[in-house]
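Taking it in order: structure first as C-alpha cells, then the write-up.
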Amino acid sequence: MAIKEILLHSAEAIEEQYNAGEYVFREGSIPEYYYQIIEGTLKLNSYNNEGKEFIQNIFTDGSCFGESMLVLGKPYPVNAVALSKCTILKVSRSQFFQLLQKHPDLFAEIYTALADNTFEKQALMRTITTENIEGRLTEIMDLMKESHTNKDKFSLEIPYNKQFLASLTGLSIESTAAALQKMEENNVVKIKDKKIFY
C-alpha cells in the first residue's frame, strides 16, 4: 500500500537515503515514524539464538513497512535493512495520525493492507512449518508469483539467491540448494546462470 507522496509531504515527510546493509530501524527500538519506500529494496529480518537469519518480508518501491508497530506503539520485533540503495520517506507518528484524521479513506486503505499482511504471514507460517522442503520453496515462489500478471511457467525470475531463499524459508543453504536441484530435475524451476526461474 502506498500513500501518495504529495500527502506525505503535506504531513512534513522527510526524505532519507540508505545504502545496502544500512539499518532503517533495529529490533527493540520504539516506532516513531511511518516509512514508505520511494525507490529501492528492503528486508525485515530477525536472528535466532544461534545467529541464523530469518527474513520476515521484502519490500520494494511504493511499499510501506513497520506500520503495524507504529499503530500499536510496541517495539519492533524485527530489523529493517536496506538490500539496495533506498530512498525512503518518513513521517512522524503524530503527523501520521493527523494525516489519517484528515483523510479517513487512508485509514481504510491501511486497515486493508494490514489485513492483507496478516493473511500473507499466516500463509507463510503454514509454508515454513511443512516438512517438505520442495513444498516450502514452491509455496514461497507461488506467493511471489501471485502479484505478477504473467503466470506462465518460468516467467518469474526469483530475485533472490539460494542463501536468501534459505533465510526466507528457515532452511539451511545446503537443504535449499539440494531442493532446488531436485525441483529443476522435476521441471518445477529452471536455473540458468545462477538465476532461478519459476
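Throughout, read-outs are computed from the coordinates displayed, never taken from laboratory work. None of the values given here were measured: they were computed from a predicted structure. Cβ coordinates were reconstructed from backbone atoms using ideal geometry, including for glycine residues, and neighbour counts include every protein chain displayed.
So here's what we get for this one:
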| read-out | value |
| --- | --- |
| V71, V189, V81 arranged by Cβ crowding within 10 Å, fewest neighbours leading | V71, V81, V189 |
| Surrounding net charge for L89, when Lys and Arg each add one and Asp and Glu each subtract one, Cβ distance under 9 Å | -2 |
| Net +/- balance of residues flanking Y34 in space, Cβ distance below 9 Å, scoring K and R +1, D and E -1 | +1 |
| Under the Karplus curve 6.51 cos²θ - 1.76 cosθ + 1.60, θ = phi - 60°, whole-Hz ³J(HN,Hα) for the stretch 26-36, x wherever Gly or Pro sits | 10, 3, x, 6, 8, x, 10, 9, 8, 10, 9 |
| The chain - mean residue ellipticity at 222 nm from DSSP helices (-39,500 (n - 2.57) per run, n ≥ 4, rounded to 500) | -13000 deg cm²/dmol |
| E174 paired with M1, simple spin-label distance in nm, labels 7 Å along Cα-to-beta-carbon | 4.4 |
| Proxy reagent accessibility, fewest Cβ within 10 Å first, across F59, F54, F96 | F54, F59, F96 |
| Ascending count of other beta-carbon atoms within 10 Å, so fewest first, for D193, D105 | D193, D105 |
| Lysines whose Cα lies under 22 Å from that of K153, excluding same-chain neighbours fewer than 8 positions away | K145, K162, K182, K190, K192, K194, K195 |
| Along principal axes, Cα extents of the stretch 132-197, largest first, whole Å | 31, 21, 21 |
| Along the chain, longest interval not containing exposed trypsin sites (Lys or Arg not before Pro), exposed being DSSP loop plus at most 14 other Cβ atoms within 10 Å | 86-150 |
| GNM flexibility winner over the chain from V78, V91, V188 (Cα, springs under 10 Å) | V188 |
| The chain - percent relative contact order, Cα under 8 Å, separation 6 or more | 22 |
| Value of relative contact order over the stretch 81-198, rounded to a whole percent, pairs C-alpha under 8 Å and six or more apart | 21 |
| Projected-area mean, the chain, by convex hull of Cα positions, square nanometres | 11.8 |
